[in-house]
Structures are given as structure tokens and as C-alpha cells.
1. Going through Pro30, Pro56, Pro85 one at a time, which residue ends up being closer than 20 Å to Ser143 by Cβ, at pLDDT 85 or above and in contact with a Lys or Arg (Cβ under 8 Å, 6 or more places away or on another chain)?
2. Go through the stretch 105-126 and give me each residue that's touching a residue at least 60 places away in the same chain (Cβ under 8 Å) and small (Gly, Ala, Ser).
3. State all residues of the stretch 142-157 that are farther than 14 Å from Ile58 by Cβ, part of a strand (DSSP E or B) and of a type outside the set (D, E, K, R); if no residue qualifies, say none.
4. On the basis of being out of contact with any Gly (no Cβ under 8 Å at 6 or more places or on another chain), at negative phi and open to solvent by 50 Å² or more (accessible area, probe 1.4 Å), does Glu121 make the cut?
5. Within the bounds of the stretch 158-178, is there any residue that is part of a strand (DSSP E or B), surrounded by fewer than 15 Cβ atoms within 10 Å (Cβ to Cβ), among the polar types (S, T, N, Q) and touching a strand residue (DSSP E or B) at 6+ places or on another chain (Cβ under 7 Å)?
6. Could you check how many residues of the stretch 55-101 are farther than 17 Å from Gln37 by Cβ and assigned to a loop (DSSP other than H, G, I, E, B)?
Amino acid sequence: MKRINRISHQFFPFGVFKYKRKRGPSQKPPTIAQLEQRKKFGIAAKFLMHVRSAIPAITCKRKRRDYDSYLAKMVHGCGFTGVFPDYELDYTNLNLTSSRLEAAIYEAIWCAEGVVQISWEMWQFQDNDDVFLFAYNATAERSYTLCKIAVRCDLKVQVEIPGYCVGDIVHLWVFFKSTDNRSSSESVYFKMDT
């Protein structure tokens with residue numbers, strides 16, 4: 001094959017590169033299946049934007065590099081509930097963290113307006129693990145990452161959810177991380193609604 005010196009070519013830069021003709025958008029109206037898929041993708045992408053801001057708190061050392069693409073696959077693959085056009089992500093299938101530590105989280109309840117009480121039990125000798133919380137207010141479409149809100153030996157903690165209003169639906173993921181930031185527990189999901 002003959003090589004072309006691109007700079008000395010007589011039609012540079014137009015004669016060297018081959019451009020494909022772009023087609024305009026289709027004039028056909030979208031099908032129902034296409035509309036459903038677009039709606040699902042939009043919901044997942046909107047939630048993924050919130051979770052990506054929490055990646056530094058969710059990940060441990062040496063895991064941040066590939067976690068963004070892994071998280072995107074996980075969010076898009078967790079499934080949907082409801083019927084078109086009122087789809088919602090199936091948050092119960094979403095696990096935000098890896099598992100080396102034991103979670104042992106039992107309950108999360110509203111103890112006052114906008115204040116959640118989370119309780120757990122001790123697990124062997126890991127009494128100095130830090131407690132982390134990721135909260136997503138689905139009604140207001142806001143997310144909050146609360147880091148090191150307690151240690152495992154406290155056995156419970158009360159946390160105020162910022163921007164909470166009565167009637168809001170809040171999704172919580174609670175997990176433990178070791179103090180050296182090398183391992184974390186599986187996140188435990190709670191749906192907080194009135």
C-alpha cells in the first residue's frame with residue numbers, strides 16, 4: 001500500500017481524510033419500547049450522577065480507579081419497578097460497597113422529624129470501624145454522604161438528614177469501613193418513608 005505524506009499532499013487536509021456523510025435524525029416517531037428504554041436510562045443516569053459524588057467515601061484504597069465503570073454497570077443492572085412512565089430504580093438490589101467486614105446492621109427508624117436512628121450489634125473484635133451513610137432523597141432529588149458518623153462500638157447513632165421535609169422518601173445505605181481504609185462491609189439498604 002502506498003503511503004501518503006499528508007502535509008505535502010495537494011489537497012491537504014481535505015484530500016487525505018475520508019469523511020462519512022452524517023444522517024439527520026430519524027423522522028419516524030419513537031416506538032413504545034424505545035420510549036420505555038429512554039425513560040429507564042434517564043432515571044438510572046440521574047441517580048448515578050448522585051452516587052458518583054460519593055465514590056471517595058464508598059471505595060477503599062486502590063479501588064477508585066475502576067469503580068466508576070463498575071458502579072455504572074451496577075446501577076443500570078439493578079432493575080426497575082413500576083410501570084411506564086412511572087419507573088423507579090429497584091434500590092433493594094443495589095449494593096454500593098464490597099464485603100470484607102461484617103455489617104450486622106439491624107434497623108433504621110425515624111426518631112424525630114428528619115432524624116434517623118440506626119442501630120447494629122458488635123461483630124467480633126472490630127470495635128473501631130467507622131460508620132458511613134449515603135442518603136438519597138428521591139422526592140427532592142438530593143443526595144448526602146455522611147462520613148465517620150460513629151464507630152462500631154457505639155452500637156447506635158442518630159443522624160439528621162439534611163433538607164428533609166415531611167412526606168419525603170429517603171433511601172439510605174449504611175456500611176462500615178476499617179480505620180485504615182482498606183476494607184468495608186456490604187452496604188445495608190433502608191427505605192425511609194412515612
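1. Sole residue among the options that is closer than 20 Å to Ser143 by Cβ, at pLDDT 85 or above and in contact with a Lys or Arg (Cβ under 8 Å, 6 or more places away or on another chain): Pro56.
2. Within the stretch 105-126, Ala108 is the sole residue that qualifies.
3. Ile149, Ala150, Val151, Val157
4. Spelling it out, Glu121 is indeed out of contact with any Gly (no Cβ under 8 Å at 6 or more places or on another chain), at negative phi and open to solvent by 50 Å² or more (accessible area, probe 1.4 Å).
5. yes
6. 12
The values are calculated or read from the model by the stated rules, or taken from the named source; none is laboratory data. Keep in mind that this is a model prediction, so the values were computed, not measured. Please note: Cβ atoms are built from the backbone with ideal geometry, for glycine as well, and neighbour counts cover all protein chains shown. Ligands, DNA and RNA are excluded from the accessible area calculation, which covers all protein heavy atoms including side chains. Shrake-Rupley method; radii C 1.70, N 1.55, O 1.52, S 1.80 Å.
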